[in-house]
Amino acid sequence: MDAPFSTLASKILAGEASDEEKRALKQLLLESDEYSLMYSRIKEYWDAEVNTSLISDREVFETELFRQLNLVKKSEKQSGMRKLYRKIAGVAAILLCMVAVSFFYLHQINSGHTYTFAAQNEPAEYLLPDGSAVTLNKNSTLTYQSNFGKRRRDVRLSGEGFFDVTKDATRPFSVEIAGTKTEVLGTRFNVKEQNNRIITSLVEGSVRFYSQNCNTLLSPGEEVIYHTRSKSYKISRIDPQLRTAWILGRLNYDNITFEELAEKLEQIYRVKIEINAKKIAGHTLSVSFLTEETAGDILDALKDELGFSLSFNADSTRITIDNQ
């Protein structure tokens, strides 16, 4: 990041810029779309409604910061824009470090520290001290204390997070959320708080879910939905892809029948799909699509290949498939 831009931006966000410096930054933003996008992203973190505080232990903070910046490198599966957002998030962290405030904050609790990671308008990925990775969905936060990893690995979640936990049989890993706990040794799973429900979905390995009246062990492809008000719960089989599609925004299905695909689309987009063209119901295909596409868009892309026609009701909540 160029020194003139970083200096001007930090002064303005800290309220220390002169009128001349404000005009200089404005000119930089007008001349460069990259600077403009970068500044808006940094300001978003700066203005985020989280409890920030001055970093008293700079050595601890910088160690944590540089470890987090290693996550700027993303997999080839992600889009260029998502890579840009990762890069901007790293730049935001560097700038906020210059003025001793960060989009993840450090504050003192008794004799230790508590670290909090936050995702604002985009999912964000973080690396925990034990090497475990967590991807937070937008408007979600995760906290852990400085004794994380000494005997246990305990974190507290608000919102939704996907965890890829490094296996360590001597140090259990647990996620606390709304009075419940999900405990693992090493696995991949998703935890979400939504409408007075806690939903824990297991992708790989095994987890044990604890609550006031629930103690259950999940197997891959299972999820438990716990109602925090009634204290009731239900365990069911699920498609792990549907629970984790928010991470990459894409779903992939190999050797799936058209009828099975229609059922998936009904779950994802909350529409009713009626197949009158029975000859194609059992047709096997492989599909890949972005979750931002509509069910109609996906089916429209398949109609010529499979030989069917589409019709929609007035509000597009019902799709009818007929022979051409």
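The values are calculated or read from the model by the stated rules, or taken from the named source; none is laboratory data. Because the structure is a prediction, the values reported are computed rather than measured. Cβ atoms come from the backbone with ideal geometry, glycine included; neighbour counts cover every protein chain shown. Surface areas here come from the heavy atoms of the whole protein model, side chains and all, with no ligands, DNA or RNA. Shrake-Rupley method; radii C 1.70, N 1.55, O 1.52, S 1.80 Å.
Looking across region 282-297 at every residue that is touching a Leu at 6+ places or on another chain (Cβ under 8 Å) and under 17 Å from N255 (Cβ atoms), the one that is surrounded by the fewest Cβ atoms within 10 Å (Cβ to Cβ) is identified as S288.
Among residues of region 109-127 that are open to solvent by 50 Å² or more (accessible area, probe 1.4 Å), those with a beta-carbon under 7 Å from a residue that is outside any strand (DSSP E or B) and modelled with pLDDT of 85 or more at least six positions away or on a different chain give the pairs N121/K138; E122/K138.
A quick yes/no check of all residues on (1) at pLDDT 90 or above; (2) among the small types (G, A, S); (3) under 29 Å from the mean Cα position of the chain (by Cα); (4) more than 30 Å from S174 (Cβ to Cβ):
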| residue | (1), (2), (3), (4) |
| --- | --- |
| Y226 | yes, no, yes, no |
| L242 | no, no, yes, no |
| S288 | no, yes, yes, yes |
| A295 | yes, yes, yes, yes |
| N313 | yes, no, no, yes |
| I321 | yes, no, no, yes |
| Q324 | no, no, no, yes |
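Which members of region 195-205 meet the condition of being in a loop (DSSP other than H, G, I, E, B) and either open to solvent by less than 60 Å² (accessible area, probe 1.4 Å) or closer than 15 Å to T244 by Cβ (or both)? G205 - this is the single residue of region 195-205 that is in a loop (DSSP other than H, G, I, E, B) and either open to solvent by less than 60 Å² (accessible area, probe 1.4 Å) or closer than 15 Å to T244 by Cβ (or both). Please count how many residues of region 255-281 are in contact with a Gly (Cβ under 8 Å, 6 or more places away or on another chain) and either part of a helix (DSSP H, G or I) or loosely packed, with under 14 Cβ neighbours inside 10 Å (or both). Result for region 255-281: 3. Taking region 281-300 as the range and being touching a residue at least 40 places away in the same chain (Cβ under 8 Å) and among the aliphatic types (A, V, I, L, M) as the test, only L290 passes.
From the list K150, K192, K181, pick out the single residue that is part of a loop (DSSP other than H, G, I, E, B), out of contact with any Leu (no Cβ under 7 Å at 6 or more places or on another chain) and open to solvent by 10 Å² or more (accessible area, probe 1.4 Å).
The unique qualifying residue is K150.
The set of residues in region 153-173 being β-branched (V, I, T) and not in a strand (DSSP E or B) consists of V165, T166, T170. Against the list (1) surrounded by fewer than 16 Cβ atoms within 10 Å (Cβ to Cβ); (2) touching a Leu at 6+ places or on another chain (Cβ under 8 Å), the condition F173 fails is (1). Answer with yes or no whether I225 is open to solvent by 20 Å² or more (accessible area, probe 1.4 Å), touching a residue at least 24 places away in the same chain (Cβ under 8 Å), assigned to a helix (DSSP H, G or I) and out of contact with any helix residue (DSSP H, G or I) (no Cβ under 6 Å at 6 or more places or on another chain). Considered against the rule, which asks whether it is open to solvent by 20 Å² or more (accessible area, probe 1.4 Å), touching a residue at least 24 places away in the same chain (Cβ under 8 Å), assigned to a helix (DSSP H, G or I) and out of contact with any helix residue (DSSP H, G or I) (no Cβ under 6 Å at 6 or more places or on another chain), I225 comes out as no.
Given the structure, is E176 farther than 13 Å from E160 by Cα and either touching a strand residue (DSSP E or B) at 6+ places or on another chain (Cβ under 6 Å) or assigned to a strand (DSSP E or B) (or both)? Steps first, answer last, please.
Values: farther than 13 Å from E160 by Cα: no; either touching a strand residue (DSSP E or B) at 6+ places or on another chain (Cβ under 6 Å) or assigned to a strand (DSSP E or B) (or both): yes.
Against the criterion (farther than 13 Å from E160 by Cα and either touching a strand residue (DSSP E or B) at 6+ places or on another chain (Cβ under 6 Å) or assigned to a strand (DSSP E or B) (or both)), E176 does not qualify.
For the condition open to solvent by 40 Å² or more (accessible area, probe 1.4 Å), assigned to a strand (DSSP E or B) and touching a Ser or Thr at 6+ places or on another chain (Cβ under 9 Å), R208 qualifies. Can you name every residue in region 242-265 that is touching a helix residue (DSSP H, G or I) at 6+ places or on another chain (Cβ under 9 Å) and within 13 Å of L299 (Cα to Cα)? Listed by number, the residues that qualify are F258, E259, L261, A262, K264, L265. Taking the criterion of being over 15 Å from the mean Cα position of the chain (by Cα), open to solvent by less than 10 Å² (accessible area, probe 1.4 Å), touching a residue at least 24 places away in the same chain (Cβ under 8 Å) and under 21 Å from R197 (Cβ atoms), would at least one residue in region 138-145 satisfy it? Looking for residues that are over 15 Å from the mean Cα position of the chain (by Cα), open to solvent by less than 10 Å² (accessible area, probe 1.4 Å), touching a residue at least 24 places away in the same chain (Cβ under 8 Å) and under 21 Å from R197 (Cβ atoms), one finds none in region 138-145, hence no.
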